[in-house]
Amino acid sequence: TSAGDYSVTVTVEDKDGGSKESAAFAIKIEDPPPVNKPPVAVIISPSQVSEGGVFGINSYGSYDPDENDMITSYEWDLDKDGVFDDASGEDISYTFYDDGSYPIRLKVTDSHGESNIASKTVTVTNLPPVFFIPYGDYFIVLGQSVNIPIRFADQGNDTWVASISFGDGTNEND
C-alpha cells in the first residue's frame with residue numbers, strides 16, 4: 001500500500017445464521033516524515049602557522065543537507081581536551097604559543113539536534129627570538145663596567161639561553 005486516501009469496508013458475517021453487517025470508513029496514509037540528516041562540518045584553516053601569531057579558522061564550508069534546516073551552533077576544541085568550549089562561531093581567531101602539532105576540532109549542530117565533527121591538524125612552527133639592540137658603538141674604558149640594554153622577545157613559550165661573545169675568545173652565559 002502506498003500513501004493516499006482510502007475507503008475501507010469491514011464486513012462481519014455470522015456463519016450460523018447467514019446474517020452480516022458492514023461498516024465503511026476513510027483512512028489517509030501519509031508518507032513518513034523525511035529522516036533528518038546530520039550537518040556536515042568543514043574546517044578551513046592554514047595547515048601550518050608560526051607560534052605566537054593570530055591565525056584565522058572558519059567553517060564556511062559547513063552545511064546542512066536537509067531542505068529547510070540549518071546549522072545553529074559552531075563549537076571549537078582547540079586545546080586537545082576533547083571539550084568543545086574554546087570558541088564558538090563560524091569564523092574565529094586563535095593563537096598557539098608553542099611549536100608542535102595541534103588537532104583542531106569543529107562540532108556543528110543543526111536545528112533538529114543532529115551534529116557532526118570535523119578534525120584537522122595544524123603544524124605550529126618555532127620562530128627565533130627577536131632582538132632589540134641599541135644603535136651605535138660603545139666606547140668602554142678598560143676595567144670599567146658598562147650596562148648595554150639588550151632585550152629580546154620570543155613569540156612562543158620557549159626556553160632560551162642567552163650568551164655573549166666578547167670577540168676576544170671569551171663567552172658569558174646568562
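The values are calculated or read from the model by the stated rules, or taken from the named source; none is laboratory data. Being a predicted model, the structure only gives us computed values, none of them experimental. Glycine gets a Cβ as well: all are built from the backbone with ideal geometry, and neighbour counts include every protein chain shown. We work out accessible area using only protein heavy atoms, side chains counted, and drop any ligands, DNA or RNA first. Shrake-Rupley method; radii C 1.70, N 1.55, O 1.52, S 1.80 Å.
Brief remarks on what is shown
- Hey, residue 78 within 29 Å of residue 130 (Cβ to Cβ), under 15 Å from the mean Cα position of the chain (by Cα), open to solvent by less than 50 Å² (accessible area, probe 1.4 Å) and touching a residue at least 24 places away in the same chain (Cβ under 8 Å) or not: yes
- Unique match (being within 49 Å of the chain's Cα centre (by Cα) and open to solvent by 100 Å² or more (accessible area, probe 1.4 Å)) among 126, 157: 157
- Given (1) among the small types (Gly, Ala, Ser); (2) touching a strand residue (DSSP E or B) at 6+ places or on another chain (Cβ under 6 Å); (3) exposed (fewer than 10 other Cβ atoms within 10 Å of the Cβ), index of the condition residue 113 fails: (2)
- Scanning the range 81-94 for residues that are of a type outside the set (Phe, Trp, Tyr) and either assigned to a strand (DSSP E or B) or surrounded by 19 or more Cβ atoms within 10 Å (Cβ to Cβ) (or both) yields 87, 88, 91, 92, 93.
- Contacts under 8 angstrom Cβ, first residue in the range 27-46 being without any contact (Cβ under 8 Å) to a residue 40 or more places away in the chain and loosely packed, with under 14 Cβ neighbours inside 10 Å, partner of a type in the set (Asp, Glu) and assigned to a loop (DSSP other than H, G, I, E, B), 6 or more apart: 34/66
- Pairs where the first residue, in the range 143-168, is under 30 Å from residue 94 (Cα atoms) and the second is surrounded by 10 or more Cβ atoms within 10 Å (Cβ to Cβ) and among the polar types (S, T, N, Q), C-beta under 8 Å, 6+ apart: 155/50; 156/126; 158/126
- Filtered by the rule that a residue be surrounded by 10 or more Cβ atoms within 10 Å (Cβ to Cβ), in contact with a Lys or Arg (Cβ under 6 Å, 6 or more places away or on another chain) and under 20 Å from residue 32 (Cα atoms), the range 1-17 gives no residues.
- Among residues of the range 56-70 being free of Cβ contacts under 8 Å to residues at least 40 places away in the same chain and touching a Pro at 6+ places or on another chain (Cβ under 8 Å), the one that is most open to solvent (accessible area, probe 1.4 Å) is 63.
- Looking across the range 95-115, the residues that are assigned to a strand (DSSP E or B) and under 17 Å from residue 45 (Cα atoms) come down to 95, 100, 101, 102, 103, 104, 105, 106, 107, 108.
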